[in-house]
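Just so it is clear, none of the values below were taken in a lab; they were calculated from the coordinates. Computed from a prediction, not measured in an experiment: that's the story for all the values here. Here the Cβ is made from the backbone with ideal geometry for all residues, glycine too, and neighbour counts use every protein chain on show.
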Amino acid sequence: MVETVITIRRARKVDAEEIASVHDASWRDAYRGMIPGRELEKMIARRGPNWWASAIERGSRLLVLDFNDAIVGYVSYGRNRVPSLPFRGEIFELYLEPEYQGLGFGRRLFEAARDDLASHGYPTFLVWALGENDRALTFYERLGGRMVRHAQERFGDEQRERVAFGFI
Ligand SMILES: CC(C)(COP(=O)(O)OP(=O)(O)OC[C@H]1O[C@@H](n2cnc3c(N)ncnc32)[C@H](O)[C@@H]1OP(=O)(O)O)[C@@H](O)C(=O)NCCC(=O)NCCS
């Protein structure tokens, strides 16, 4: 019998290369046609294995989803970066390899981050998504988020709407 082993755990420095690869694949899949191409390429290029290794070394809160010894998703989180919004924590990024989406893993990563935030004194938190990212908007609504803020984000010469979901 072939057994599938799925683990959510803190990222280790040796994971940097695999996380960079998940980041690359999931950002291309999620944002192609949404973020101007040249800007998207720059954003991906900045986040190579060295960037992830130093984030892990700095102690950033970063969990990975390990599926049979391969990293297929990650979530990063910490303190809310917009103090005018009354939420203590923030989920910065939550991404899965395209082939692993729609199987319940996003919810599991989200819940693991939420539990860790709560246990470190951040029981309320928010998460930002691009307004055109329907999949993410539906996902955060299903998980009980409430839209609390609209803002604009600049990508080169262009602007895109982004929205914040609050969780209390
Ligand atoms: C958004 C993302 C993290 C969601 O993870 P996922 O594993 O695909 O979602 P799950 O399978 O855990 O689904 C959780 C809930 O959201 C709903 N949902 C997820 N994707 C959906 C979609 N495309 N359409 C409708 N509902 C959807 C599910 O029905 C499920 O609801 P239920 O549990 O009440 O039945 C994942 O699809 C992803 O990595 N997308 C690309 C990157 C991205 O946009 N990240 C967010 C950036 S802010």
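Suppose we filter L137, L126 for residues that are assigned to a strand (DSSP E or B) and not acidic (D, E); which single one remains? Working first, answer last.
Numbers: L137 fails: assigned to a strand (DSSP E or B).
Checking each option against the conditions leaves just L126.
Where residues in segment 78-93 are in contact (Cβ under 8 Å) with a residue 12 or more places away in the chain and part of a loop (DSSP other than H, G, I, E, B), which of them is nearest to S60 (Cα to Cα)? Please lay out each step first, then the result.
Looking only at segment 78-93, we keep the residues that are in contact (Cβ under 8 Å) with a residue 12 or more places away in the chain, and these are 78-80, 82, 85-93.
From the residues that got through so far, the ones that are part of a loop (DSSP other than H, G, I, E, B) too are 80, 82, 85-88.
Values: N80: 14, V82: 18, L85: 22, P86: 22, F87: 19, R88: 16 Å.
The residue in question is N80.
Can you tell me which residue within segment 94-108, out of those that are more than 6 Å from the ligand (Cβ to nearest atom) and free of Cβ contacts under 8 Å to residues at least 40 places away in the same chain, is surrounded by the fewest Cβ atoms within 10 Å (Cβ to Cβ)?
Going through segment 94-108, the residues more than 6 Å from the ligand (Cβ to nearest atom) turn out to be 97-100, 108.
Still in the running and free of Cβ contacts under 8 Å to residues at least 40 places away in the same chain: 99-100.
Details: E99: 10, Y100: 17.
Residue satisfying both the conditions and the ranking: E99.
Mind checking which pairs have a first residue in segment 139-168 that is free of Cβ contacts under 8 Å to residues at least 60 places away in the same chain and acidic (D, E) and a second that is outside any strand (DSSP E or B) and surrounded by 12 or more Cβ atoms within 10 Å (Cβ to Cβ), Cβ under 7 Å, 6 or more apart or different chains?
That search, which allows pairs on different chains as well, returns E161/G131.
Test G121 against the criterion of being out of contact with any Gly (no Cβ under 6 Å at 6 or more places or on another chain), assigned to a loop (DSSP other than H, G, I, E, B) and touching a residue at least 12 places away in the same chain (Cβ under 8 Å), and give yes or no. Before you say what the answer is, go through the steps one by one.
Values: out of contact with any Gly (no Cβ under 6 Å at 6 or more places or on another chain): yes; assigned to a loop (DSSP other than H, G, I, E, B): yes; touching a residue at least 12 places away in the same chain (Cβ under 8 Å): yes.
Yes: the conditions hold for G121.
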